[in-house]
Amino acid sequence: MPFKRLRSALPRYERFGTDALLELIQALGWIRTNDSGIAVIAPAGDRILSLGDGHRRLRRALLDYVEVVRPPWTMLALDGRKKTLGFAPIEFGQSMTEAYLAEGYDDEVIEFWDRLAAIARGQQDIRLSSIGRDGERLTLAYEKNRTGRDPVWRSIESNADGYDVVSVVSSEDVAQRQIEVKASTMGLAGSMHLTRNEWDSTETMAHHTFHLWNLKDMNAPRLAIVARATMEQHVPHDNGAGTWKEVEIPFREFADLFAPQQAAI
């Protein structure tokens, strides 16, 4: 069928316009238009059709939708099936019920929920990475204003150095100052994660410091500048056969160091 004729051939839905439906199924890779303008099944659509029974097709369709659209409710999957079904929009809860995903523990059902959680974790990682980058941008602006020199955004080039930004001690002292940046949108209720590599790397850096950004209000960010010696009070030590790899440190431990800054993102 010519693609242009699909609009009139498709059934009508009260809550979903035909144009929106066509845009969605093309975005999901279910259909495409060939060189002659004919609507044909695309690889993702063919994969769904090859599954045979309806509930398996619906499961695959749900995963295709989540992987492409990334709706906010996907994050609920990190807390399990019960919370997802309880708080996701009703139409998705209904689709999951119709796909026999609302109960049971067979391998395919477990695989679906594990896949959904994996997508959510990726979504969370992207969000946390974005928050971290916002903090780094603020540090770049802060250091440029403080020293009059352009700092180097090191974490863009490498995550293995143990710091994110390279600045200088002052406008008069051009000795390097390495800065590890941590940011949170949860205010003093937030926390920072410090890896063993990040910490061990600071031992040979005479002017290393930490920038902690409270981004609860993006229009009024607050910065705590924490010296290595102050941070050391919250860093664990190896004991016996145990070695530490990562530590979580609450922002509230540095509450008295936070000061308001100008938003410059």
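The values are calculated or read from the model by the stated rules, or taken from the named source; none is laboratory data. A quick note: this is a predicted structure, and the numbers were derived from the prediction, not measured. All Cβ positions, even for glycine, are placed from backbone atoms using ideal geometry, and neighbour counts span all protein chains on display. SASA here: full protein model, heavy atoms, side chains in, ligands and nucleic acids out. Shrake-Rupley method; radii C 1.70, N 1.55, O 1.52, S 1.80 Å.
A few points about this structure:
- Filter pass, Met192 being under 19 Å from the mean Cα position of the chain (by Cα), open to solvent by less than 80 Å² (accessible area, probe 1.4 Å) and closer than 21 Å to Gln124 by Cα: yes
- Residue among Val174, Val109, Val166 that is among the aliphatic types (A, V, I, L, M), in a loop (DSSP other than H, G, I, E, B) and over 24 Å from the mean Cα position of the chain (by Cα): Val174
- Among the residues of the stretch 139-160, those identified as open to solvent by 60 Å² or more (accessible area, probe 1.4 Å) and in a helix (DSSP H, G or I) are Lys144, Asn145, Arg146, Arg154, Ile156.
- Residues satisfying the stated conditions in the stretch 63-80, i.e. of a type outside the set (D, E, K, R), under 20 Å from Leu28 (Cα atoms) and either open to solvent by less than 20 Å² (accessible area, probe 1.4 Å) or touching a residue at least 60 places away in the same chain (Cβ under 8 Å) (or both): Leu63, Val66, Pro71, Thr74
- Residue satisfying all of: in the stretch 38-48; in contact with a Lys or Arg (Cβ under 7 Å, 6 or more places away or on another chain) and not β-branched (Val, Ile, Thr); most open to solvent (accessible area, probe 1.4 Å) among these: Arg47
- Residue pairs whose Cβ atoms lie under 7 Å apart, separated by 6 or more positions or on different chains, with the first residue in the stretch 109-130 and among the basic types (Lys, Arg) and the second in a helix (DSSP H, G or I), are Arg115/Leu63; Arg121/Leu78.
- Residues that are open to solvent by 20 Å² or more (accessible area, probe 1.4 Å), of a type outside the set (D, E, K, R) and free of Cβ contacts under 8 Å to residues at least 24 places away in the same chain within the stretch 81-104 comprise Leu85, Gly86, Phe87, Pro89, Ile90, Gln94, Thr97, Ala102, Gly104, listed in sequence order.
- Under the condition of being touching a residue at least 24 places away in the same chain (Cβ under 8 Å) and among the acidic types (Asp, Glu), the residues counted in the stretch 179-224 number 3.
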